[in-house]
Amino acid sequence: MAESKNNDAFVEFERVQKSYDGETLVVKDLNLTLPKGEFLTMLGPSGSGKTTCLMMLAGFETATHGDIRLDGVGINNIPPHKRGIGMVFQNYALFPHMTIAENLSFPLEVRKIGKSEREEKVKRALDMVEMGDFGGRRPAQLSGGQQQRVALSRALVFEPELVLMDEPLGALDKQLREKMQFEITNLAHSLGITTVYVTHDQTEALTMSDRVAVFDDGRIQQCAPPDQLYEEPDNSFVAQFIGENNTLLGTIKEIKGDQAVVQLDDGELIDCKPINVSKVGERTRVSIRPERVEFNKERLQPGAHTLKAEVLEFIYMGDIFRTRLRVAGNDEFIVKTRNAPDQVRLTPGTQVDIGWLPRDCRALDA
Ligand SMILES: Nc1ncnc2c1ncn2[C@@H]1O[C@H](COP(=O)(O)OP(=O)(O)O)[C@@H](O)[C@H]1O
Ligand SMILES: [Mg+2]
């Protein structure tokens, strides 16, 4: 592909909509811009429109409305062989009748690259994924993990500027999946490849990505770096979908700037930060991460509201303690604490006061 025109907007979705049947929109007004070299993950439940977006970006499906541009040019105006997009899917899709080396050579032949250069590139691409010794084998003679490595190196062999991956590790066992997650991000970053990665696995998304776009119902609910997504969810869907989360239902009692008081349904008051709520009387679902709950009063702000909680269960997990509490009628309220020498182990049946910093407790849509 020619020299890039705009490194800040290498991939652009602008007001993209997609309908397969002319009635229901499976992608609704999608806006997304990727700078060159970014590793972006589309994360969301099954049916939320991730694969559809990837297929439109690859040029295999057309958008019903809106524009998708690659380096400033509409994707449907670039002939397929000039798109320079590498692709990896869950079911590898290696050609079974070809050897591994022939599989890798194929995308280079399509691009009319000469024999000696092909051999050199194939060798380099296989070495990159530590499969250099397997060029003469056929796909059926490799394990699932090895096949997926080959699929990855085949997607990279022609040095694409953009790689699209759709649940590429879904068929692998946990250990191999974690190893491959690490290999893929390392390769993408060291080669400076722009990557759009699709998964429904939130841990995978958080650990691999520069940014994660959380999909639900054909819309991006939030697009942010992993730490921001986890610590500052914009709405209840994102708070619930990413990581473990405690929620309590209530009504806004007071709002001043970035602090709010919420009256929980059992009457107690708590402090939180208003996010997508705006007025007194509005229903809200407050969200607090299990590791941000405090039962040591000295660590709370003076004047902070606290809540009465009953300890239901204490689980020793080695590095952390996981304690289940009853809070405002919710029996599944979880607190996680680090196993430090001075850490208190709460005893089931006892009562404690819990609290938090208002900024760690977010008042979201009910
Ligand atoms: N080729 C197709 N024809 C008709 N409907 C489709 C097609 N592909 C996907 N869909 C529908 O579009 C929606 C989004 O699907 P998809 O993009 O595959 O979601 P995801 O990858 O997030 O699971 C789903 O409701 C799915 O049934
Ligand atoms: Mg999919």
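Throughout, read-outs are computed from the coordinates displayed, never taken from laboratory work. This one's a predicted model, so the numbers in the text were calculated from it and none came from an experiment. Neighbour counts run over all protein chains shown; Cβ positions are idealised from the backbone, glycine included.
By the beta-carbon count within 10 Å of each Cβ, the least crowded to most crowded order of E130, E119, fewest first, is E130, E119. Charge tally around M98: other residues with Cβ under 14 Å, Lys/Arg +1 each, Asp/Glu -1 each, net +2.
Placing unit charges on each Cβ (+1 for Lys and Arg, -1 for Asp and Glu) gives the chain a dipole about its Cα centre, and among M131, S236, V11 the Cα reaching farthest toward its positive end belongs to M131.
Legend note: in the chain, cysteines whose Cβ sits 4.7 Å or more from every other cysteine Cβ are C53, C223. Taking a point 7 Å from the Cα of L249 along the Cα-to-Cβ direction, the residues of the range 301-327 with backbone N closer than 17 Å to it are 327. Helical runs assigned H by DSSP (4 residues or longer) give the chain a calculated mean residue ellipticity at 222 nm of -7000 deg cm²/dmol, each run adding -39500 (n - 2.57) before division by the residue total.
Leaving out same-chain residues fewer than 8 places away, which aspartates and glutamates sit with a Cα under 15 Å from that of K174? Those aspartates and glutamates meeting the cut-off are E183, D201, E204.
Among the trypsin sites (Lys or Arg not before Pro) in the range 93-145, those placed in a DSSP loop whose Cβ has at most 15 other Cβ atoms within 10 Å are R111, K112, R137. Over every Cα atom in the range 244-365, the radius of gyration and the widest Cα-Cα span, Dmax, amount to 14.2, 44 Å.
Counted by Cβ distance under 12 Å from T24, the other residues give a net charge of -1, where Lys and Arg count +1 and Asp and Glu count -1.
In this rough spin-label picture, where each label sits 7 Å from Cα along the Cβ direction, the A140-D353 distance is 7.2 nm.
Among S19, S153, the order by Cβ neighbours within 10 angstrom, fewest to most, reads S19, S153. Calculated on the Cα set of the range 11-231, radius of gyration then Dmax: 17.4, 52 Å. The range 297-366 and the range 67-89 have Cα centres spaced 50 Å apart. Within the straight-line cut-off of under 18 Å between alpha carbons, the lysines reachable from K336 are K297, K308, sequence neighbours fewer than 8 places apart in one chain being disregarded.
Here the residues V73, V88, ranked from fewest to most Cβ neighbours within 10 Å of their Cβ, fall in the order V73, V88. Using Cβ point charges alone (K and R +1, D and E -1), the dipole size of the range 11-231 about the Cα centre works out to roughly 720 debye.
Label-to-label distance for V73 and R292 is 4.6 nm, based on points extended 7 Å past Cα in the beta-carbon direction. Stretching the chain fully between V110 and I315 yields a gain of 68.0 nm (0.36 nm per residue, less the alpha carbon separation). Straight Cα distances below 29 angstrom link K18 to the lysines K5, K28, K36, K50, K82, with same-chain residues fewer than 8 positions distant left out.
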